[in-house]
Amino acid sequence: MKINDVLRGKGNQVVTISPEATVTELLALLAEHNVGAVVVSGDGSAVNGIVSERDVVRLLHGTPEAGDVRVSAIMTEQVHTCGPDDLVDHLMRLMTDRRIRHVPVVVDGALTGIVSIGDVVKTRIGELEFEREQLSNYISG
């Protein structure tokens, strides 16, 4: 199965935030869209970074005025991305090896989607259920 198959099921909506936004604005965006990470993008298309709930938690530990900190100060700049034709198995390995939970999908340098570990698990469960059903039908004759 390819990343494009995952996106077909979940959609291509990607929540982005400006690097100049504050952590307070980031928290509002995470809550509003019920997501665990957002892509940092100055123009809504290029991937400048990614910022997650985990980054906010690390900031809050010992930073009294954390809400006023700019997203650019806490984002991960080296973002691992994938393409729509990449295999889900490859993405699972990337997520496991790099200990990341969100991977932006990029085509020709432009952001076209995002896949979370939850999306990957849901897809894999669907594949396994389909295989089980096919085997059960085969055995039943």
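Only helices enter the 222 nm calculation for the chain: every DSSP H run of n ≥ 4 contributes -39,500 (n - 2.57), and dividing by all residues gives -14000 deg cm²/dmol, rounded to 500. Ligands, DNA and RNA are left out, and with a 1.4 angstrom probe the accessible area of the chain is 62 Å² per residue. Each Lys or Arg adds one and each Asp or Glu takes one away; over the other residues whose Cβ falls under 14 Å from the Cβ of Arg124, this sums to -1.
Surface composition of the chain: carbon and sulfur atoms hold 49% of the protein heavy-atom accessible area at a 1.4 Å probe. Among Ala66, Ser140, Ala46, whose Cα projects farthest towards the positive end of the dipole of the chain, with charges put on the beta-carbon of Lys, Arg (+1) and Asp, Glu (-1)? So the residue furthest toward the plus end is Ser140. Which angle from 0 to 90°, rounded to the nearest 10, does the C-alpha axis of helix 88-98 make with the longest principal axis of the chain? So the inclination is approximately 40 degrees. Tell me the angle of helix 117-140 to the major Cα principal axis of the chain, expressed in degrees between 0 and 90 and rounded to the nearest ten. Here the helix axis deviates by roughly 10 degrees.
Each Lys and Arg adds +1 at its Cβ and each Asp and Glu adds -1 at its Cβ; summed about the Cα centre, the chain shows a dipole of about 340 debye.
The values are calculated or read from the model by the stated rules, or taken from the named source; none is laboratory data. Remember, predicted model here, so these are calculated numbers, not experimental data. Virtual Cβ from ideal backbone geometry, glycine too; neighbours counted across all protein chains shown. Keep in mind that these areas ignore ligands, DNA and RNA; they rest on the heavy atoms of the full protein, side chains included. Shrake-Rupley method; radii C 1.70, N 1.55, O 1.52, S 1.80 Å.
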